[in-house]
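Have a look at the structure below before the remarks.
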Amino acid sequence: MQGTIKKIVGDKGFGFIKHGDNKDIFFHCSACNGQFENLLEGQEVTFEEGRGDKGPRAENVTVN
């Protein structure tokens, strides 16, 4: 799937990706293959949709 980084909460290690019909999906820094510190709001990313304890979450997040 493709989306755009909507928000990053760097001190907590997570963020949200906007994709599809303005839906947001959660992502954790562990899903970014060591690249979390390099992500910026507004960047285009590719990810896979997975399932977390609290619902859908992005996995294998990579910058396009």
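Quick notes on this structure:
- Given (1) surrounded by 10 or more Cβ atoms within 10 Å (Cβ to Cβ); (2) free of Cβ contacts under 8 Å to residues at least 24 places away in the same chain, number of the condition Asp21 does not satisfy: (1)
- Looking only at the range 30-44, and only at residues there that are open to solvent by less than 50 Å² (accessible area, probe 1.4 Å) and outside any loop (DSSP other than H, G, I, E, B), the one that is nearest to Lys12 (Cα to Cα): Phe36
- Residue satisfying all of: in the range 1-17; open to solvent by 90 Å² or more (accessible area, probe 1.4 Å) and without any contact (Cβ under 8 Å) to a residue 60 or more places away in the chain; nearest to Val61 (Cα to Cα) among these: Met1
- Yes/no for Asn64 being in contact (Cβ under 8 Å) with a residue 24 or more places away in the chain and open to solvent by 90 Å² or more (accessible area, probe 1.4 Å): yes
The values are calculated or read from the model by the stated rules, or taken from the named source; none is laboratory data. Remember, it's a predicted structure, so these values are computed and weren't measured experimentally. Virtual Cβ from ideal backbone geometry, glycine too; neighbours counted across all protein chains shown. Side chains included, ligands, DNA and RNA excluded: accessible areas come from the protein's heavy atoms. Shrake-Rupley method; radii C 1.70, N 1.55, O 1.52, S 1.80 Å.
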